[in-house]
Amino acid sequence: MILLIVVGVFSAIFTYLWRLWSLREKRQSELREIVARKRAERDESVKFAQKSAEKLEKSKFDQISVMSFEELKENLQNGSISCLEAVRTYYQKAILANKSTNSICMFILESEKWAEEWDEKAKNQEGFVKPPLFGVPFSLKECVPIKGYDQTRGFVQDTFRPTPVDSVLVEQLKLLGAIPFCQTNVPQSLLSFNCSNPVYGLTKHPLNPERTPGGSSGGESALLAANGSVIGIGGDVGGSIRIPCAFTGTAGIKPSHLRFSHRGVCGSVPGRPLINSNDGPMAKDIKTSIELLKILWNDTWISDQDPYVPPVVWNEKEFSKTSPLRIGYYIDDGWFTPTPMVQRAVLEAKEILEAKGHILVPFRVPNAYNVMFMFLRAVCVDAGSFLSRKLMNDIIDPLLYTQVLLWMIPLPIQRLFAWMANVFFPRLGNIMRAMTLNTAQLRQTYADIEAYRSEFTQLMKDKNIDALLCPPTVTPALPHVMASKLFTATSYTGIFNLLDFAAGVVPVTRVCKEDLQKLEDEYEEHDLWYKIAKNGSRDSLGLPIAVQVATPPFKEEVCLRILRDIEQDAKFQ
Ligand SMILES: CCCCCCCC/C=C\CCCCCCCC(=O)NCC(=O)O
């Protein structure tokens, strides 16, 4: 009798598990079919762009392909090249860049027609005045809403659900004459700084296919670095513009969150009120982003569309001041010591700024140990359950396994691990306590973030500091698999989302032999994360290294002025 009951219970459990497994397998095979359809659609879009590009004369391609953003704009304005020629040139350049990087999700098929329409207006419409970005092609991170295209964020379940309207930023760029011509790749969920997802695959660093171009705007950074685009739009919740730029030697800025509209913009986790994200420009240099932002913030068009955006226009007076600034700098935030190459870059940028007359003073990040804790708790507002649920209903990208595994551990067990980890790996212990257990804890963290914002900005005021200079992350571009394991290296970028500062990066130098020697001799492996950082930084000779500049909200012009000052004299090539 007992035996029968035992056998019955076991077979019931087995049947239940078997059904669950079969359902999952069925779902996975449906998802794989969807991926195949989406990839076929992408291949078609590449063919379309290739066919269109072939219609462009080689001499025109050679002429346009070497133009900077400024030159492109000028030549389109004076009519020596047409919008269609510019777009076709960038189809060709992007296809080439995509071959080595896999950075493109989709070409925007209407871009050819939009270019023709602008050319037609310029030719035949009486009294037509060319808008300032007339015919300039630009690329878009896949999650930036553009009408008629998916924003999957790397989730298979979100394919074939095209968005019905453009984001305010895309609408503005189009009105100003710019032509969105392709969407670029992201990591699944966006909450990572590698760049891989089951829909579009793995994006590779243009200088080393074994390494990541960063994330989550990694398709943008790879495409720009491989000369496939002249300007792109990325998005940043914890470093997603700045880390990809730093890894690939490109430049970009995340403005404070109220300088652009957020209407219809879908980030990684919706509903995280105190970790403020923004879209922002990315390009080969900061000069290009400055030119673009001057145009976008020329008037109050954005706040006329979206009353939540204050009517703050470009402050040329602030940008073109020549008086010296007081800049706080640090090479270590007290949470994660950067590798020697990253520290050297900050010191070199400091010298450049001092040579330009600015005053650099050491700055210590207050309460650094708590910043990453607050950041993670306030990003994963629901202890990761929104993302876990989405991921469980999808094909999970292998590069996300570490993160997913951590989220899957039940909260009480996370706390138990935290207690044990405190003994041999205190930083992990700190992080394992980060997921919130209840709304009271979350409310307290919001209160702590608000208090931290006050403390931080007061400290800057007391020390009379206008801006901060610091590393953007801990290492050069990492091998693909290491990025999601080192998610706590986002302390350098995440802090400025938590503070809602403007923050941008410019490349300053490249990894040299002395850096690698110092890495071996001096960089200590206090725990597993340091070990990964050290390992990931080996064999990185020649990879770009950037610095980060941050300023309080609505001081983007000061941030850009400093980034420009660094860019002008940095010996980065
Ligand atoms: C038991 C502890 C579990 C901790 C698990 C944490 C898993 C990692 C979660 C977040 C990592 C934070 C990385 C931040 C990268 C930010 C990238 C970004 O800016 N994305 C843009 C966007 O989200 O829209």
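The values are calculated or read from the model by the stated rules, or taken from the named source; none is laboratory data. Owing to the predicted nature of the structure, the values given are computational and were not obtained by experimental measurement. All Cβ positions, glycine included, derive from the backbone under ideal geometry; neighbour counts span all protein chains shown. Areas reflect the complete protein model, heavy atoms only, side chains present, ligands, DNA and RNA absent. Shrake-Rupley method; radii C 1.70, N 1.55, O 1.52, S 1.80 Å.
Of the residues in the range 445-460, how many are hydrophobic (A, V, I, L, M, F, W, C) and exposed (fewer than 13 other Cβ atoms within 10 Å of the Cβ)? Let's see the steps before the verdict.
Initially, the range 445-460 is screened for residues hydrophobic (A, V, I, L, M, F, W, C), giving 447, 449, 451, 456, 459-460.
Now restrict to residues that are exposed (fewer than 13 other Cβ atoms within 10 Å of the Cβ): 447, 451.
Number satisfying all stated conditions: 2.
Please enumerate the residues belonging to the range 392-419 that are part of a helix (DSSP H, G or I) and away from the ligand (no atom under 13 Å from the Cβ).
Taking the range 392-419 as the starting set, the residues that turn out to be part of a helix (DSSP H, G or I) are 392, 398-408, 411-419.
Correct list: MET392, PRO398.
Taking the conditions exactly as written (surrounded by 15 or more Cβ atoms within 10 Å (Cβ to Cβ) and within 14 Å of the ligand (Cβ to nearest atom)), does ALA368 satisfy them or not?
Values: surrounded by 15 or more Cβ atoms within 10 Å (Cβ to Cβ): yes; within 14 Å of the ligand (Cβ to nearest atom): no.
No.
Counting only residues that are polar (S, T, N, Q) and within 27 Å of GLU351 (Cβ to Cβ), how many does the range 436-456 have?
Of the residues in the range 436-456, the ones polar (S, T, N, Q) are 436, 438-439, 441, 444-445, 454.
Subsequent filtering for residues that are within 27 Å of GLU351 (Cβ to Cβ) retains none.
The total comes to 0.
Counting only residues that are within 16 Å of the ligand (Cβ to nearest atom) and assigned to a helix (DSSP H, G or I), which one in the range 501-535 is surrounded by the most Cβ atoms within 10 Å (Cβ to Cβ)? First the steps, then the outcome.
Initial filter on the range 501-535 (within 16 Å of the ligand (Cβ to nearest atom)): 501-505, 527-529, 532-533.
Next cut, assigned to a helix (DSSP H, G or I) only: 528-529, 532-533.
Numbers: LEU528: 14, TRP529: 20, ILE532: 21, ALA533: 27.
Checked the range 501-535; the qualifying residue surrounded by the most Cβ atoms within 10 Å (Cβ to Cβ) is ALA533.
Can you tell me which residue among ARG453, ARG377 is part of a helix (DSSP H, G or I), at pLDDT 95 or above and within 15 Å of the ligand (Cβ to nearest atom)? If you could, list the steps in order and put the result at the bottom.
Working: ARG453 fails: within 15 Å of the ligand (Cβ to nearest atom).
Just one listed residue meets the conditions, ARG377.
How many of the residues making up the range 386-444 are of a type outside the set (A, V, I, L, M) and either open to solvent by less than 20 Å² (accessible area, probe 1.4 Å) or within 18 Å of ASN194 (Cβ to Cβ) (or both)?
Step one: of the range 386-444, the residues of a type outside the set (A, V, I, L, M) are 386, 388-390, 393-394, 397-398, 401-403, 407, 410, 412, 414-415, 417, 419, 422, 424-427, 429-430, 433, 436, 438-439, 441, 443-444.
Okay, now just the ones that are also either open to solvent by less than 20 Å² (accessible area, probe 1.4 Å) or within 18 Å of ASN194 (Cβ to Cβ) (or both), so 388, 390, 394, 397-398, 401-403, 407, 414, 425, 427, 429-430, 436.
Residues meeting the conditions: 15.
In the range 184-217, which residues are under 29 Å from GLU30 (Cβ atoms), more than 16 Å from the ligand (Cβ to nearest atom) and in a loop (DSSP other than H, G, I, E, B)?
Passing the criteria: PRO198, VAL199, TYR200, LYS204.
Residues that are closer than 30 Å to VAL365 by Cα: list the helices (runs of 4 or more DSSP H) wholly contained in the range 269-348 that include at least 2 such residues.
Those helices (runs of 4 or more DSSP H) span 286-296, 316-320.
How do the pairs read when you match residues in the range 274-293 that are outside the structural domain of TYR452 (by TED's automatic domain parsing) and within 15 Å of THR493 (Cα to Cα) with residues anywhere that are within 13 Å of the ligand (Cβ to nearest atom) and assigned to a loop (DSSP other than H, G, I, E, B), using Cβ under 6 Å and keeping only pairs 6 or more apart or on different chains?
As it stands, the answer is SER277/VAL237; SER277/GLY267; GLY280/ILE241, since those pairs meet every condition given.
Considering only the range 478-500, state which residues are open to solvent by 10 Å² or more (accessible area, probe 1.4 Å) and within 14 Å of the chain's Cα centre (by Cα).
If the condition is that a residue be open to solvent by 10 Å² or more (accessible area, probe 1.4 Å) and within 14 Å of the chain's Cα centre (by Cα), then PHE487, THR490 are the ones that fit.
Could you please find all residues in the range 227-250 being in a strand (DSSP E or B) and within 13 Å of the ligand (Cβ to nearest atom)? Give the steps one after another, and end with the answer.
Restricting attention to the range 227-250, the residues satisfying the condition of being in a strand (DSSP E or B) are 232-236.
Correct list: ILE233, GLY234, GLY235, ASP236.
In this structure, does LEU224 turn out to be within 24 Å of LYS47 (Cα to Cα), in contact (Cβ under 8 Å) with a residue 12 or more places away in the chain and not in a loop (DSSP other than H, G, I, E, B)?
So LEU224 fits the description; yes.
Does LEU17 satisfy the criteria of being open to solvent by 30 Å² or more (accessible area, probe 1.4 Å), over 30 Å from CYS143 (Cβ atoms) and in a helix (DSSP H, G or I)?
yes
Please specify each residue of the range 333-348 satisfying the condition of being open to solvent by 60 Å² or more (accessible area, probe 1.4 Å) and not aliphatic (A, V, I, L, M). Steps first, answer last, please.
Filtering the range 333-348 down to residues open to solvent by 60 Å² or more (accessible area, probe 1.4 Å) leaves 347-348.
Across the range 333-348, the qualifying residue is only GLU348.
Would you please name the residue that is farthest from PRO213 (Cα to Cα), looking only at residues in the range 92-109 that are part of a helix (DSSP H, G or I) and in contact with a Lys or Arg (Cβ under 9 Å, 6 or more places away or on another chain)? Step through it out loud before you land on a result.
From the range 92-109, those part of a helix (DSSP H, G or I) are 92-101; that's our starting set.
Those left that are additionally in contact with a Lys or Arg (Cβ under 9 Å, 6 or more places away or on another chain): 100-101.
Values: SER100: 12, THR101: 9 Å.
Across the range 92-109, the extreme among qualifying residues is SER100.
Given SER52, SER11, SER45, SER80, which one is assigned to a helix (DSSP H, G or I) and farther than 20 Å from LEU109 by Cα?
Details: SER52 fails: farther than 20 Å from LEU109 by Cα; SER45 fails: farther than 20 Å from LEU109 by Cα; SER80 fails: assigned to a helix (DSSP H, G or I).
When all the criteria are applied, what remains is SER11.
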